[in-house]
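Working notes, structure below.
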Amino acid sequence: MYYKITCPLPASRSIEVECRLTGIDTPVVELQLPSWRPGRYELQNFAKNLQRFELFDTEGRRLACHKITKDRWRVQTNGVSELVARYTYYSNVINAGSSFSDDRLLYVNPVNLCLYAEGRLSEPCTLELGIPSDWTVACGLAASDESPALLKAADFYELVDCPLMASPDLKHDQYLIDGVPFHVWIHGNFKPDWERIRHDFSRFSEAQLRLYGEFPEPEYHFLTIVLPTAFYHGVEHRNSTMLVLGPNDEGEGLYTDLLGVASHELFHAWNVIRIRPAELLPYDFTRENYFSTCFVAEGVTTYYGDLMLRRAGVFDDAAYLKELHVLFKRHFEASGRAFQSLVESSWDLWLDGYDKGVPHRKVSVYHKGAIAALILDLHLRRQTDHLRSLDEVMRLMWDRFGKPFIGYTLEDYRAVAEEVAGESLDWYFDRCIFGNEPLEDLLNEYLAFVGLHLDYDAADHTANPSVLLHSLPDIDGQLQRDRWLSNQVVPVAG
Ligand SMILES: [Zn+2]
């Protein structure tokens, strides 16, 4: 499939797409626009942004087509071997999963606006950008030798996993870890402190590479848009991530957000992009892809996103514990008494996962999932004097499921965790993953091991409690905390 994207009228905030399909040898072709995008497990129905949609043969004659679902067209090919779909995509929204165009920026998530022909998802794709020659393209896709604006994807899955920014205003720097180039691209009215970014990004990237032992891709791109308004959004992709942050007030808050979201999204390069729930492999772009392990995909990633910043020395203890406190508040004070378990809320992401939702119904797979990951990590560390930890669980998940790129099931994750623990973890899965009991007391058992305690109001068993994290005056707890946060296996002498 061949796509050409142009923006002849930037003020109209719309993108013209020409999708060319060759080698047709069937009387009927079905064209599908994705109804959702990986990373956000809800239907977004991108077809509603199509303003105009027409089909032609190579002679410019119209071909008859009709919709058979909200985003699928059936085409009578009348013997033609080639067809062209021309359509206009309204692109006036900026978030980390959208597309936007004006006179100095073309920002595209191909999953929003690239059709595919049913049965041909594994064929190579070419994406041509009609942009001025002085614009730079930032994208995880390889450019052709002929032009930096001609991008090549091995298949449709790769194409739609590679967002791009094209602009004359991109700022860029890069660093190397183990020979892998990591590119940082920034668009927006923001003056990056490149020395600091290179220093901090190198450190958390290296900490993550050390955990898994290798990087899944030959290169990686952090694509960042900084807005004048408050914003915090990141989306993971196979060799890139799209980040949208704001406001651009040059303050520490923006930089801390950048570190937090960048570390989280990089961890996804292993966990979910490659260590993929079986239900999402391959993605079915036509409908809901239900799965119950988002507490691994997002919970474990949320836990490690901040932990890696501390382990790498980018955060000190105080900065890390501040983030942990925010995490506890987000779970306990919003949904500490919710009815659903983590697996139920994972399944229901497709129902209301990204809405506020009704009170006491669901939990966040991010927040409660990260707390469940913390409990498992501290359990493994306490049982083995830090010889084993969640690191080993994730490393085994990488070796067995991520690297060979075969999906894992909930039972696979459980089996790996139990293998690392060397014991049954029925209690853990029953209470933290399948159950809905309030977790303050169990969490406090484990926090005590690392000299921490969560104060909460235990009097009212129906309302979500207010929580306050503090450290205990406990020398051994402090020592265990140091070993956990810096990942020291051998006890510090003296
Ligand atoms: Zn995430």
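The values are calculated or read from the model by the stated rules, or taken from the named source; none is laboratory data. Note that the structure is a prediction, hence the values are computed from the model and not measured. Every residue, glycine as well, gets a Cβ built from its backbone with ideal geometry; the counts of neighbours run over all protein chains shown. These area figures cover heavy atoms from the full protein model, side chains too; ligands, DNA and RNA do not enter into them. Shrake-Rupley method; radii C 1.70, N 1.55, O 1.52, S 1.80 Å.
Across segment 371-415, the qualifying residues are those that are over 21 Å from GLY305 (Cα atoms) and of a type in the set (A, V, I, L, M), and the one among them that is least open to solvent (accessible area, probe 1.4 Å) is LEU410.
Of LYS362, LYS329, LYS356, all but one fail to be among the basic types (Lys, Arg) and assigned to a helix (DSSP H, G or I); the exception is LYS329. Restricting attention to segment 93-113, does a residue exist that is open to solvent by 50 Å² or more (accessible area, probe 1.4 Å) and in contact with a Lys or Arg (Cβ under 8 Å, 6 or more places away or on another chain)? No, that holds for no residue. Restricting ASN248, ASN271 to those that are within 16 Å of the ligand (Cβ to nearest atom) and either of a type in the set (D, E, K, R) or surrounded by 16 or more Cβ atoms within 10 Å (Cβ to Cβ) (or both) reduces the list to ASN271. Among the residues making up segment 148-172, those that are more than 23 Å from PRO132 (Cβ to Cβ) and open to solvent by 20 Å² or more (accessible area, probe 1.4 Å) are ALA154, ASP155, TYR157, GLU158. Screening PRO282 against (1) within 13 Å of the ligand (Cβ to nearest atom); (2) open to solvent by 10 Å² or more (accessible area, probe 1.4 Å); (3) not hydroxyl-bearing (Ser, Thr, Tyr) leaves a single unmet condition, (1). Looking at SER346, SER335, SER364, can you tell me which residue is farther than 18 Å from TYR446 by Cβ and open to solvent by less than 10 Å² (accessible area, probe 1.4 Å)? Sole residue among the options that is farther than 18 Å from TYR446 by Cβ and open to solvent by less than 10 Å² (accessible area, probe 1.4 Å): SER346.
Set side by side, the residues TRP194, TRP185 differ, and just one is closer than 15 Å to GLU265 by Cβ and touching a Lys or Arg at 6+ places or on another chain (Cβ under 9 Å), which is TRP185.
Tell me which residues, restricted to segment 29-56, are out of contact with any strand residue (DSSP E or B) (no Cβ under 6 Å at 6 or more places or on another chain), away from the ligand (no atom under 16 Å from the Cβ) and not in a helix (DSSP H, G or I). Spell out how you get there, then give the answer.
Of the residues in segment 29-56, the ones out of contact with any strand residue (DSSP E or B) (no Cβ under 6 Å at 6 or more places or on another chain) are 33-38, 40-48.
Now narrow it down to the ones that are away from the ligand (no atom under 16 Å from the Cβ): 33-35, 43-48.
Residues satisfying the conditions are LEU33, PRO34, SER35, LEU43, GLN44, ASN45.
Take the residues in segment 116-131 that are of a type in the set (Ser, Thr, Tyr) and surrounded by fewer than 21 Cβ atoms within 10 Å (Cβ to Cβ), then tell me which one is farthest from GLU146 (Cα to Cα). Out of the qualifying residues, it is SER122.
Exactly one residue out of VAL80, VAL137, VAL75, VAL84 is assigned to a loop (DSSP other than H, G, I, E, B) and surrounded by 15 or more Cβ atoms within 10 Å (Cβ to Cβ), and it is VAL80. Suppose the filter is within 16 Å of the ligand (Cβ to nearest atom), modelled with pLDDT of 95 or more and in the same structural domain as TYR87 (by TED's automatic domain parsing); does ARG20 pass it? The answer is no for ARG20.
Residues that are surrounded by 19 or more Cβ atoms within 10 Å (Cβ to Cβ) and closer than 24 Å to ASP385 by Cβ within segment 429-445 comprise PHE429, CYS432, LEU443, listed in sequence order.
Tell me, please, whether a residue that is modelled with pLDDT under 95 and open to solvent by less than 60 Å² (accessible area, probe 1.4 Å) can be found in segment 30-53.
Looking through segment 30-53, none of the residues is modelled with pLDDT under 95 and open to solvent by less than 60 Å² (accessible area, probe 1.4 Å).
For beta carbons closer than 6 Å, sequence separation of 6+ or different chains, a first residue in segment 288-308 that is open to solvent by 10 Å² or more (accessible area, probe 1.4 Å) and a second that is within 9 Å of the ligand (Cβ to nearest atom), the qualifying pairs are THR302/TYR366.
I'd like the full set of residues that are among the basic types (Lys, Arg), in a helix (DSSP H, G or I) and more than 16 Å from the ligand (Cβ to nearest atom), limited to segment 366-388.
ARG381, ARG382
Checking the condition in contact (Cβ under 8 Å) with a residue 24 or more places away in the chain and within 16 Å of the ligand (Cβ to nearest atom), which residue from VAL235, VAL184 passes?
On the way: VAL184 fails: within 16 Å of the ligand (Cβ to nearest atom).
Of VAL235, VAL184, the one residue that is in contact (Cβ under 8 Å) with a residue 24 or more places away in the chain and within 16 Å of the ligand (Cβ to nearest atom) is VAL235.
Restricting to segment 17-65, and then to whatever is among the hydrophobic types (A, V, I, L, M, F, W, C) and free of Cβ contacts under 8 Å to residues at least 24 places away in the same chain, can you tell me which residue is farthest from VAL84 (Cα to Cα)? Residue satisfying both the conditions and the ranking: ALA64. The requirement of being within 13 Å of the ligand (Cβ to nearest atom), in the same structural domain as ARG198 (by TED's automatic domain parsing) and of a type outside the set (D, E, K, R) is satisfied by THR241.
Look at LEU454 and say whether it is open to solvent by less than 10 Å² (accessible area, probe 1.4 Å), in a helix (DSSP H, G or I), at pLDDT 95 or above and within 15 Å of ILE371 (Cα to Cα). In short, no.
With the structure loaded, tell me whether ARG311 is over 27 Å from GLY140 (Cα atoms), open to solvent by 10 Å² or more (accessible area, probe 1.4 Å) and either within 16 Å of the ligand (Cβ to nearest atom) or of a type in the set (Val, Ile, Thr) (or both) or whether it fails that test. Walk me through how you get there before you give the answer.
Numbers: over 27 Å from GLY140 (Cα atoms): yes; open to solvent by 10 Å² or more (accessible area, probe 1.4 Å): yes; either within 16 Å of the ligand (Cβ to nearest atom) or of a type in the set (Val, Ile, Thr) (or both): no.
Criteria not met by ARG311.
Taking segment 195-310 and the strands (runs of 3 or more DSSP E) fully enclosed by it, the elements with 1 or more residues that are charged (D, E, K, R) are at 231-236. Here ILE406 meets each of (1) more than 22 Å from the chain's Cα centre (by Cα); (2) of a type in the set (A, V, I, L, M, F, W, C); (3) not in a helix (DSSP H, G or I) with one exception, condition (1).
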